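The values are calculated or read from the model by the stated rules, or taken from the named source; none is laboratory data. Everything numeric in this text was worked out from a predicted model, so none of it was measured. Please note: Cβ atoms are built from the backbone with ideal geometry, for glycine as well, and neighbour counts cover all protein chains shown.
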Amino acid sequence: MKARVRRYVSSDEPLKQWTKNCREEYLDAFIRFEGRGGFTEGHCPSCKRAANSSPFYGLLDPEDEFGVATICCKDCFGGELICEDCCMCNHAHNPLHMVECWNGTMFQPTTLIELGLRIQLGHLPGSQCTNPHPAPQGFTVIHTNGLHHVNIDYCECDNAGSAGFRHQQLLRRGFFPATHIEPHSCGTFTVLAHFHMLNLQGKITGYDYYSGLEKLTDNAGLSKIKDCYKAFMRMVREWQHLKMLKRAGRAHFLSGIKGTKSGELALICPACPHPNINLPKDWKDRPPEERFLYTLFLAIDACFRLKRRLVSSEKKDPGLGTGWAFFVEDKAYRKYLLTVTDQNEISSCTSLSALDHANSKFSAGYATTGAGETCRKAKGGYANMDYIFASVLGHHDPDLHKVVSYDIVCQWIKHLLEQLSKLPPAVKPSTVGSFEVVIPKLHVHSHNPPCPTDYSLNYLEGAGHMDGEGFERVHSMSGPVCASTKQMGPGYRHDGMDAQWLFWNWQKIVGMGLSLHKKLFNAHLEAQDHQERFDHFSNLQLKDVPEWEWMVQAWEKDHTQPNPYTITKSGNVTEADIKLALATQEAELVAKGVPALHDKVSASAFIVAGLGLQDQQQRVIFHVKHTNIWTPTRKADLLDQCTRLHRQLSRFRAIQTIYMPPATITDSNASATDSTPAPTTDSTPAPKRKRGETPDNDNTPNKPNPIELQPLLLPSELPVSLRSACHPGLDEIERMMRDAQCRVSLGHIRTHLYMKSGLTTYKQRHARHQKGNTRARKTIDDNDAKIKVFQDRYNTARNALIALGANEDELEWKEVKDADLRCLEDEEMDERREERKKKQAEKLAKKAKDNALTGPGPGEGHQKLSWIWEGAGRDPDTSTGLNEALRVQWAKSRARSRRWNKEVLLLKEEMRRVLAYFDYKAAWWVKRGDGENREVSPELAEGLRTYAEDQAQLQRSLACKFETKWEVIRQDGITAEQLEGLATVVQEDDELDRAGTGSEEEEDDSDEENNADMSDDDTAGNDYS
């Protein structure tokens, strides 16, 4: 791709040059506007231009012929000074301009009303009414440039019948009255549309916007301004509601507004399957391998930031159309909630803090604790979600197969069908149809096994590359309005959120041209790449592929079958099994009359007790090693543990004299050695004290090793020559127990490494600010500490096996080093990490202008799979268990390949459905053009036809633009050369989206990982704002 020529070395260069060369000139230009500028002549140029066309021009004295130029309009182009009469004439069509008067030394603010301008309604601009009726004194008009006091005259002459009522006369001149009964203020259509767009796009609150208008009117507070804030907000609410009704075509129906049905004002997704709209007539008869193309994907979620305080009520603040757009009908919904008792909604699989807080002390004082969402929206909870889900099903064909994603679907699905049958008849679905449930990709790793695989979109056939997190993107839009909606009454909150969500949906629709094109382009590349990788992987494992394929297909049909995507949990002998087997053998010996050395403690129980003591010692050692601050409480806890160890060790030594007499001699020798003082000299430094030691007068330690460091002298710790004097079979008992210890400890290490992967992902994606990051980091550190404990336990058991005679080279259990403690990462996650590292390296190299840095070194994705994931200790018939790890990787590679291939087909189908929907909607608007033969005035009939044709043309224009955009990418059998040619187009689209507000000669240096805005501004109809 040809590099774009850059005018400046960096984006700061224009600012630097302006500061150095132009700042003074700009300031002078500002100050020049404070005077009369170049219009210093005393005669009115407007009068002169009018006189030029007069036959008497030149016959009169200029002083009599031209007026005195003293009025300057701040809103008219040019800034020239004219006389009062010309100002009145020029502003008959612009009565809301701001003007000021030159008094000889400075400009003084004035108004058109002070100059005598009056606005006549009911007649054409400039015409006069024979019987005008003045509006109330101080009538205020709210406009984009401030608040204006104007003189308005209503029509009361013989033309009053056609002019309409007073509020109609205002509306027909673009003035929106604050009330329909004797209004004292109004807002222009322009200011309402302006605020509406700023509120939707920039989330500007009504209070801030209105305050800004007051500051534009008088920023010094010298004049008294009428407070119209409440009236303005009422007009805004009515404006938003009327816009939604207008877009839905309610003015074109005989039933009018009263005939509006539930959900009719919402914008539906043109890419979703809608029978009789954008699906082929034979979609139900398509072969099984194509039916996934007609799957309806539904996402359920709740935003607990959308709270509403316990203010106002439905009686005081009713919604203008609650239930007509995105919210469910309020009265029926609340009536249903009264029949539902409190539910325990806390998940037994995963703990989601947002759900925990929904019914806790954090919800005190709130009438609404959040908003639950599917394709329609309402408030959240299990019973709440049941009601919402049923309401959504009523808007879709039951024959469509559905895939439903929900953060806690593993809990919600348990009683779903039972709860749906208990819903009110108005929303209870007659049939649910076939459906599958999944957990969104962002949340699935927070669940415990087997949820991450059983409910994973990665392994769902026909899901393509959907992530199920569509509503998380909606939350990014809803979040900024939470502070405003929290203080609203119930009705205004519903109306405001309906407008926000409708705007979001419209931006998604007009952005589908770019977004679907980019997604399909990437899907083609990924499908080719992953198919090649999968084929190569399969060719290397041809012998095992048939068995793995059968296993995957069996699991896809029945999730109770062995899961091919996970390494099988250790199914061999555990420590408990060994204990049971040894106890059984000893019981059989006692039954045969073989005497035991000890009446109460058997040989196996003795070894088990020793291993238990060793575990306690290791825990104390770890505790002492990793405790930095010793508080009195911690010291007391440590002393308690050591005291218990002393007692247990004393009992163990007593039994050890019976089963292991040589150990008693060895222990006595060790104790004598420890208690012998070591001579020191003045030149020899005092030995370092251990925990619990106190120096005597000659700086020599005089106490034995701490209890946790004292050797237990188990068979593995004795020389071979001394073991023969011990009770027969003790070394074999310890060997069996140590083998089980290795197996179980390695299983715990795998489990906690898997947990670490999920905790790390949660911290990266969810933890925000110091408090959240600190808590997440503490949880990860605690998990790492457990991993280290099990690592020490494993290595101790392994070393004991070697001491008992096992060949280290042939031993199945390898040493677990710190470098081996790596998570089992998905190849796809490794690729994303490498891509991020590569982009970051390129960005740093670009800033440093260092061409030597071409890319990052080997990262996690290039490292060899740690041996602990290769299955050691699982299969007695294999030495390493590598086959199982290969099967998991093969199954995931197969899933990725099939997922991307299905994604290509799904995106092509979505493109076809989008174009079909636009055609359907264009025809729908054409049909609405006659307004169903409503008996209306000719002017209204023309408006109905014009608006319907305008909307039909908008749908056709979108279809034409999208079809042209997708012409190449939608082709079957697209070649690599064509994809390479499209790469330039996709890159240019990305740059335009990211640059957005940037200048044309500069590149955008923003973070490439930020999501690009996919809206298509040049095709977005203004009426959908």
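Here are the numbers:
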quantity	calculated
Cβ pairs under 6 Å, 6+ apart, first in segment 782-801 and of a type in the set (S, T, N, Q), second at pLDDT below 85	783/752; 783/755; 783/756
Search result, residues across segment 221-277 that are part of a helix (DSSP H, G or I) and among the polar types (S, T, N, Q)	240
Selected residue (criterion: surrounded by the fewest Cβ atoms within 10 Å (Cβ to Cβ)) from residues of segment 246-281 that are over 13 Å from residue 914 (Cα atoms) and of a type in the set (Val, Ile, Thr)	257
Some residue of segment 920-928 being surrounded by fewer than 14 Cβ atoms within 10 Å (Cβ to Cβ) and in contact (Cβ under 8 Å) with a residue 24 or more places away in the chain	yes
Condition broken by residue 962, with the remaining ones in (1) outside any helix (DSSP H, G or I); (2) buried (at least 16 other Cβ atoms within 10 Å of the Cβ); (3) modelled with pLDDT of 85 or more satisfied	(1)
Filter pass, residue 172 being surrounded by fewer than 21 Cβ atoms within 10 Å (Cβ to Cβ), of a type in the set (Lys, Arg) and under 35 Å from the mean Cα position of the chain (by Cα)	no
Complete set of residues in segment 434-468 that are touching a residue at least 40 places away in the same chain (Cβ under 8 Å) and aromatic (Phe, Trp, Tyr)	455, 459
Residues of segment 505-535 that turn out to be at pLDDT below 90 and under 24 Å from the mean Cα position of the chain (by Cα), as a count	0
Residue within segment 785-806 that is among the charged types (D, E, K, R), at pLDDT 75 or above and part of a loop (DSSP other than H, G, I, E, B) present	no
Residue satisfying condition, being at pLDDT 90 or above, under 24 Å from residue 767 (Cα atoms), polar (S, T, N, Q) and within 27 Å of the chain's Cα centre (by Cα), within set 347, 405	405
Test: residue 825 is modelled with pLDDT under 80, more than 23 Å from the chain's Cα centre (by Cα) and either within 30 Å of residue 530 (Cα to Cα) or surrounded by fewer than 16 Cβ atoms within 10 Å (Cβ to Cβ) (or both)	no
Unique residue being among the β-branched types (Val, Ile, Thr), closer than 19 Å to residue 237 by Cβ and assigned to a loop (DSSP other than H, G, I, E, B) when the list is 181, 142	181
Which listed residue, of 249, 164, 174, is touching a helix residue (DSSP H, G or I) at 6+ places or on another chain (Cβ under 6 Å) and in contact (Cβ under 8 Å) with a residue 40 or more places away in the chain	249
Any hit, segment 120-133, residues being surrounded by 18 or more Cβ atoms within 10 Å (Cβ to Cβ), more than 51 Å from the chain's Cα centre (by Cα) and of a type in the set (S, T, N, Q)	yes
Hey, residue 553 farther than 30 Å from residue 971 by Cβ and at pLDDT 90 or above or not	yes
Residue selected from segment 598-640 under the condition over 22 Å from residue 784 (Cα atoms) and of a type in the set (Lys, Arg), by the criterion nearest to the chain's Cα centre (by Cα)	635
Criterion violated by residue 538 - all others in (1) within 30 Å of residue 707 (Cα to Cα); (2) modelled with pLDDT of 70 or more; (3) crowded, with 16+ Cβ neighbours inside 10 Å satisfied	(1)
Residues being of a type outside the set (Phe, Trp, Tyr) and surrounded by fewer than 20 Cβ atoms within 10 Å (Cβ to Cβ) - total across segment 229-244	7
Qualifying residue in segment 297-314 (condition: part of a strand (DSSP E or B), surrounded by fewer than 17 Cβ atoms within 10 Å (Cβ to Cβ) and in contact (Cβ under 8 Å) with a residue 40 or more places away in the chain)	yes
Residue identified as over 26 Å from the mean Cα position of the chain (by Cα), acidic (Asp, Glu) and either at pLDDT below 85 or outside the structural domain of residue 737 (by TED's automatic domain parsing) (or both) among 810, 835	810
Segment 297-327, residues that are modelled with pLDDT under 85 and among the hydroxyl-bearing types (Ser, Thr, Tyr)	312, 313
